[in-house]
Structure formats: C-alpha cells, structure tokens
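All remarks here apply to the structure that follows.
Quick note: the coordinates plus some simple rules give every number you see, no bench work behind them. Source: prediction; values computed, not measured. Here Cβ is always computed from backbone atoms with ideal geometry, including for glycine, and neighbour counts include all displayed protein chains.
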Amino acid sequence: MTSNSLTQPLIEIKNLRKVYQTPAGDFTAVNGINVEVQRGEFVAIIGKSGSGKSTFINMITGIDRPTLGEIIINGAPVHSFSEGQMAAWRGRNLGVVFQFFQLFPTLTILENIILPMELNKLYSKRERRERAMHLLEKVEMTEQAHKLPSAISGGQQQRVAIARALANDPPLLVADEPTGNLDSKTAEKIFSLFENLVASGTTILMVTHDSDLARRVNRTILISDGEVVNEYLVRALSTLTQDQLVEVSRGIKPQIFQPNSSIIRQGEKGDKFYVLLNGKADVYINMPGGSELQVNQLKPGQYFGEMALLGGGVRAATVKASHDGPVSVVALNEKSFNSLINDSRTLREELMGLVERRNTYNQLHAVSSLDEKALGSILKEAKPVIYNEGHNIIKQGDVGETFYLLLDGKVDILLKDEHGDETLVDQLSKGSYFGEMALMGNKRRAATVRVS
C-alpha cells in the first residue's frame, strides 16, 4: 500500500441510489447518499426499520448492487464488480459479523475460523491453524477451540464470529446488529472488543438500534427515508432521539456565510439557534475602546446562539465565519428551539451547562487581556503571591478551588501518565491564566502547573 493510499478515505460512497421494482411501482430505498469513512474509524449506522440502512450496508458488502452511484473501498470500485469478482474481493478485504452469528454448526470453533482462509487460499495449513488460535486468543475463546457452536453461549458464538471475520486480516469489518441478540452485559463486552480492534487499526461499520452504543463511536450516520441526515447536526444534537433529529433536519435548510462575515453580533437580540455544518467560525467579545477579542473557534458539529435564547435575549458575543473559507450553518428559530428543549430535558440541561461555561470562559479571556492598570483596579483586594523556581502551584488530581492570573515569569504545564512520568505539554507566560477548568466542570486538576 502506498503512502498516498493511506491518506485516502477507506470508503468513498458517491451519489448512491437503489431503486426496487415492485408491483406497485418503483420504490427508492436509498436516495443519493454521499459518505466517506477514514481508515481506523468506528462508525455507527442508525435509523428506524425501513429507513434504508440495511439496503445501504448490503450494497457495501456486495449482497445487493446499486442502481446508480459508486462504492469505492480501499481503492477498489466494488460497484462495478461481477459476482465472481465481488466474491473474490470480499474474501480478502471484508469481514462481516451478523446478528445471529451464522457459524457452521457441524464445524468446531477452530474449523469455523480456518474455513475463510482455506476458501481464499491464504496462508499455509500450519499458518492457518496458528492464526486461528491467535484470533481465538484475541477474543478470549482458546479454551473453546474444539467445541461445536451449540456447546457455547450466544455471546461466545458472537466472539467466534468476530474472530472468523478477522481471519483474512481485512481492513474493513462490517457488523450488522452484532449486539442485537445479546444481553446488555455481553453486548458491552462485544463493544469493548470492537473498540480494541479499532485501536489496533481496523475500520468498523456497525449497524445498531442501541442509541447508547451509537453515542460512543467516532461517528454516527443516521439514515432516514433513504437519505443521510447531516452528521454534524447529529453530533451537535446527540441527546435528541432519532425521530427528533429527523424532524429537525426536515425543517431547515443550510445557510452559507462568506469568510469574515458576521453570523451573529454581540448586543443584538437573539432569535435563532445555529449548528455549524461546515468550515470554522470565530467567536469574539467586545472590548473597551471598540476592539474585539477572539475567545474561541468553533468547528463542524458545534453550536452557538443558545445563550440569548436561554438567557436575556441579547447576544453575548459575535460569531464570524473564519477567514480561511466560507461556513455552512443551519438555524432553528425560537419556536423550534423551544419545542426541542421542551421535548428533551437532557438537551436543555446540556445547553444550560454550556451557557454557564461559555460565560465564564469569555470573562476569563476578557480579564486576561486587560492592561496592568485595569487589572490592578479589579484585583486591588488580592495580593500577589510569589513562587520560586520548581514550585508546584497546582497538582494534577487535586481538587481545584482557585483561579490564577500570571503577572510575571513563566510556568510549565505537565501531564502525568499511568506510570507516573510527566510530559511538558505547554508553557504559559505573563498575562496568561490557569486553574479555570476545575472551577468550570471537573473539580479535579487536569494537569500540574510548575514554575519554570
């Protein structure tokens, strides 16, 4: 594999469409899906029954063929393959895990895993056995190697099915409802196994009805009526139900803002809530004298505008499209926004917490940018404290109760790993601040701050 191929998406799906002919007329199951999946991603595919997700996944695995569009996996145009070409390609490049395991009942666990290697003429006879045992060890099933599938539990059979899917070392693993037939405890073990596989470089597409599992993957693709709901909208509003997300997506159209143009302005009345779909947006607050101070930068999947709708009705900051390109956003009016948070207590609590943190964050930036005279008037009751070289001002893991402004000198920010080794991750100088994170959320100090 060339270095260039490693930078390309593992999966590229372009304008994918599937139309079935029925006695009642044509039925469009998948309608113009465009998706890319990067190498090493763990992606959940969700959607209600009949949404088109099964048709979508079947076209990726070659079980079904598209009416229109392209499916390129690891550089191969699988949409154009014949049945024979597809079978040969699938055997070496794709592992599939089914909800009901699909193990051969008359073969032992070990033989079930060896079979794909034999069918695809991979490895020598001895290597096949060694590799099968290695995979069984990976899924903690070596002691069951010589048993028949009927002699082990459903969760154990699913582990074996995963080992079999990995037999030919495929770059892509597709799991169709892999936990749907398992109890919650066993499902958690299977999910942890998937996480370990992703950590070692395997790309996984997982079809699931489990919303809790779907929230724990790298990305979520929500399919509704054969179309993909914008994934950044799904990410931003992840606490909503699938039905709520679909309803939101149907009622709004993306808006484009050119570089440096204002999306909202500080001081104006706020009547919309925004989700950033593409590009970057910079957040500014007004300073004395008419200048602006940039306090944050937002990326796709983040939202803004909620502070005015939940608070006093006036924008607390200005948000502009960044200078390096246009941005795409969707906007919900006040009525739609209020309807959402009334229907979702979790979303309302998340937004209220974010409002509090953003207010604190903006105030901290404003304070840190003041000149010494203005800062002195604010802190006239506070006396400076001098720390000598090497002194720990705060320690990682301690409970945080104090916020610090650095008046002079430099401090090092250090992170300690599980072995107790410290790594220097940043250095702050005059005018900086630290210690705010423990006051804004997690009460424990996230790092050690030491005088340089």
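Listing for the model above:
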| quantity | calculated |
| --- | --- |
| Proxy reagent accessibility, fewest Cβ within 10 Å first, across Leu414, Leu222, Leu107 | Leu107, Leu414, Leu222 |
| Gain upon complete extension [Asn278, Gln297; 0.36 nm per residue less C-alpha separation] | 5.5 nm |
| Estimated FRET transfer efficiency (Arg250, Met287; beta-carbon r; R0 60 Å; 0.05) | 0.90 |
| Charge-dipole axis of the stretch 3-229 as Lys and Arg at +1 and Asp and Glu at -1 on Cβ define it, positive-most pick from Gly32, Val139, Asn196 | Val139 |
| Cross-link partners of Lys416 among lysines (Cα-Cα below 24 Å; sequence separation of 8 or more within a chain) | Lys395, Lys443 |
| Set of lysines near Lys320 by C-alpha distance (under 20 Å), chain-local residues within fewer than 8 positions excluded | Lys253, Lys269, Lys272, Lys280, Lys299 |
| Loop trypsin sites (Lys or Arg not before Pro), the stretch 20-69, which have at most 15 other Cβ atoms in a 10 Å radius of their Cβ (DSSP) | Lys48 |
| Order of Met133, Met117 - criterion: other Cβ atoms within 10 Å of each residue's Cβ, fewest first | Met133, Met117 |
| Sparse-neighbourhood loop sites, trypsin sites (Lys or Arg not before Pro) in the stretch 138-179 - DSSP loop, at most 13 other Cβ within 10 angstrom | none |
| Using a Förster distance of 41 Å, the FRET efficiency for Arg216-Lys395 (Cβ separation, nearest 0.05) | 0.85 |
| For the stretch 3-229, share of DSSP beta bridges that run antiparallel, in % to the nearest 5 | 55 |
| Exposure proxy order (Cβ contacts within 10 Å, fewest to most) of Ile152, Ile394 | Ile152, Ile394 |
| Under 22 Å from Lys18, Cα to Cα: lysines that are on another chain or at least 8 residues apart | Lys48, Lys53 |
| Computed magnitude of the charge dipole of the stretch 258-314 (debye, nearest 20; Cβ of K, R +1, Cβ of D, E -1) | 100 |
| Sparse-neighbour loop sites [trypsin sites (Lys or Arg not before Pro); the stretch 85-122; at most 16 other C-beta within 10 Å; DSSP] | Lys121 |
| FRET efficiency estimate (nearest 0.05) - Cβ-Cβ, Asp324 to Tyr387, R0 41 angstrom | 0.55 |
